[in-house]
Amino acid sequence: MKIGVPSEVKVDEYRVAMTPAGVRELTDHGHEVVVQSGAGVGSAISDADYAAQGAEILPDAPAVFAAAEMIVKVKEPQPPEVAMLEPRHVLFTYLHLAPDPDLTQGLIDSGATCIAYETITDAAGRLPLLAPMSEVAGRLATQAGAFMLGRPAGGSGVLLGGVPGVAAGKVLVIGGGIVGANAARMAVGLGADVTVLDRSIDRLRELDDIFAGRIQTGYSTGLEVEARLAEADLVIGAVLVKGAKAPHVVTRAQLALMKPRSVLVDVAIDQGGCFETSHPTTHSDPVYEVDGISHYCVANMPGAVPITSTRALTNATLPYAVRLADGGVDALRADPGFLGGLSVHAGRLTDPAVAHDQGRDFTAPEEALAGAPQPA
């Protein structure tokens, strides 16, 4: 199979979907890899690095899409990329379709097979291709929030770690998964007073053991959120519902409970955001204010640290990319967790969560691959 690696074109995105090690792995399996010139520059990877491992360097994205059967990316395709997709293509990337009906329709119309990193599960039901970027985003959320609390950045002027004689700042993390745990780890490291809320008692027990009493935990009810909002200097939204739009855990009305110039960081913004007042921002213009509360809602947070993120992501995605290249879409049939990543195939939407959120028809992935008739 011929695999294509284009440059990422989303604003302020510096990651690339494959390292030279990935090129080597695929070529060792008998496949060809074409890489867009300059694709790795943001991650400190040169064209020569790719070529040394057997990649062919092509001048632009149209050349990569024209040559390749499988397109491997980091972020969801932008409109010019969607326009280059054809039914013969397999697209393997983060998609985050639930909050984006236009992208969903574009992929359906393309006829391509589109597989989402974020909905693939392993044998234990975990999300192995989402996990590394969740780790990065969680850690960055605390770093970003701590910086945005500075008065020059529009924040309240609280130092999260405090100093002797002055209390530490309070961090509220809503969601105790991988993002939340990593955000809490960074906040504890800074010396902050940290609370994590979640709806799984078992997960709260795990976090209590992991942090050995260095954080507080709470069951995430609306009343508990309100009580903690009133105390928090920094609130990190780390809510995830696999493949679906994130629920709003903080409403606009509840912003009035917060201290002036407090900071919200919405890590769920790729899935629509978990604060009612969230909308996507960029690294170049990351923050806006609503009712006196700063909102940091960058939709590709790990893109800010591409040397780390590119390598962490490709460590996770490469085994799946090799399986796809070796077996084509049949690789999905052999693994129910891998099949769970299939979002669109041959003009059919195959992700039930996206179908539910957008009010669309849905074809089960195994039926779509078998060529079942289109839904009525």
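The values are calculated or read from the model by the stated rules, or taken from the named source; none is laboratory data. Quantities reported herein were computed from a predicted structural model and do not represent experimental measurements. Note that we place each Cβ from the backbone using ideal geometry, even for glycine, and neighbour counts take in every protein chain shown.
Here are the numbers for the structure shown:
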| read-out | value |
| --- | --- |
| All positions within segment 46-76 that are surrounded by 16 or more Cβ atoms within 10 Å (Cβ to Cβ), small (Gly, Ala, Ser) and part of a helix (DSSP H, G or I) | 61, 63 |
| Residues of segment 313-323 classified as farther than 16 Å from residue 31 by Cα and either surrounded by 14 or more Cβ atoms within 10 Å (Cβ to Cβ) or in contact with a Leu (Cβ under 8 Å, 6 or more places away or on another chain) (or both), total | 4 |
| Flag if residue 142 is part of a strand (DSSP E or B), at pLDDT 95 or above and not hydrophobic (A, V, I, L, M, F, W, C) | no |
| Residue in segment 312-330 that is within 21 Å of residue 132 (Cβ to Cβ), assigned by TED's automatic domain parsing to the domain that holds residue 150 and in contact with a Ser or Thr (Cβ under 6 Å, 6 or more places away or on another chain) present | no |
| Members of segment 155-183 found to be within 17 Å of residue 296 (Cα to Cα) and either in contact with a helix residue (DSSP H, G or I) (Cβ under 7 Å, 6 or more places away or on another chain) or among the polar types (S, T, N, Q) (or both), listed by number | 155, 156, 157, 160, 171, 172, 173, 174, 179, 180, 183 |
| Candidate set: segment 146-178, residues that are in a strand (DSSP E or B) and of a type in the set (A, V, I, L, M, F, W, C); chosen: the one farthest from residue 224 (Cα to Cα) | 163 |
| Residue within segment 12-24 that is in contact with a helix residue (DSSP H, G or I) (Cβ under 8 Å, 6 or more places away or on another chain), at pLDDT below 95 and either surrounded by 19 or more Cβ atoms within 10 Å (Cβ to Cβ) or assigned to a loop (DSSP other than H, G, I, E, B) (or both) present | yes |
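One line per residue, one yes/no per condition, for (1) surrounded by fewer than 21 Cβ atoms within 10 Å (Cβ to Cβ); (2) touching an Asp or Glu at 6+ places or on another chain (Cβ under 8 Å):
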| residue | (1), (2) |
| --- | --- |
| 289 | yes, no |
| 295 | no, yes |
| 308 | yes, no |
| 311 | yes, no |
| 325 | no, no |
| 328 | yes, no |
| 336 | yes, no |
